[in-house]
1. For an R0 of 45 angstrom, estimate the FRET efficiency from the Cβ-Cβ distance between ALA139 and ALA39 and round to the nearest 0.05.
2. Restricting everything to alpha-carbon atoms, can you work out Rg to Rh for segment 1-43 with a Kirkwood hydrodynamic radius?
3. Using the alpha-carbon atoms, what tilt in degrees (0 to 90, nearest 10) does helix 137-153 show relative to the longest principal axis of the chain?
4. Set the Förster distance to 35 Å, then compute FRET efficiency between MET1 and ALA177 from the Cβ-Cβ distance, nearest 0.05.
5. Can you tell me the relative contact order of segment 3-175? Whole percent, Cα pairs under 8 Å, sequence separation 6 or more.
6. Share of Cα-Cα pairs in segment 3-175 beyond 24 Å, in percent?
7. What spacing in nm lies between the two simple spin-label points modelled at LEU132 and THR10, each 7 Å away from Cα in the Cβ direction?
8. Can you sort MET57, MET1 so the residue with the fewest Cβ neighbours within 10 Å comes first?
Amino acid sequence: MDRHEWAARTLSVRPGDRVLEIGCGHGVTASYVCAELAAGPREAPARFTGLDRSAKMTAAAGRRNAAHVAAGLAEFRTGAVPAVPAAELAAGRPFDVAYAFNVRLLWTDPAAARAVAGLLRPGGRLSVFFQLPSWSAAAHREVAERAARTLTAGGLAVTADAQDKAVESGYVTARTAPG
């Protein structure tokens, strides 16, 4: 299992979830998440939105996930958080789950964390994944603690923090206040 598949499994998306990926890159993790969403019943249509500041990356993600885009399950947009207006992304309906992999902004900028929190439904969750160039338990702890402080300062409540040596990655998950 690679880090992308691991991240998608860690998210545990459910049928009908609206999912936002910040910094979708080539859409590799998106492929795994969309496959999980597509496996759900059709009476609870899920929706995936991938966001990246590079038009080249969103085009690549769209090509990689062409079947999910054609099925109306996924879309890929070019823009940056917090610059992209919440109303445009959420289209009147907040996201249930948001995640980012190696998006340093969400480890360091409470305003970015607050902007993403504003895109989530009450009780929605944000997972910040990271893969460190030189993995160690100490390096993971340092990044996880920084991410937890940033998410908390952004108005979210940290609910999980874990790492997986096999994929040399970790994550911190936080939730918005319940409605």
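1. Numbers: r = 35 Å, r/R0 = 0.77.
With R0 = 45 Å, the Cβ-Cβ based efficiency is 0.80.
2. On the way: Rg = 10.3 Å, Rh = 10.7 Å.
Reported Rg/Rh, Kirkwood definition of Rh: 0.96.
3. Roughly 70 degrees, rounded to the nearest 10.
4. Working: r = 33 Å, r/R0 = 0.95.
E between MET1 and ALA177, to the nearest 0.05, is 0.55.
5. Values: 346 pairs, mean separation 33.8, N = 173.
Taking the mean separation of contacting Cα pairs over the length of segment 3-175, I get 20 percent.
6. On the way: 4420 of 14878 pairs.
The calculated P(r) of segment 3-175 puts 30 percent of pairs beyond 24 Å.
7. 1.3
8. Numbers: MET57 19, MET1 11.
Going from least to most buried by this count: MET1, MET57.
Every number in this text was worked out from the coordinates using simple rules, so none of it is lab data. Since the model is a prediction, treat every value here as computed from it, not as a measurement. We place every Cβ from the backbone using ideal geometry, glycine too, and count neighbours over all the protein chains shown.
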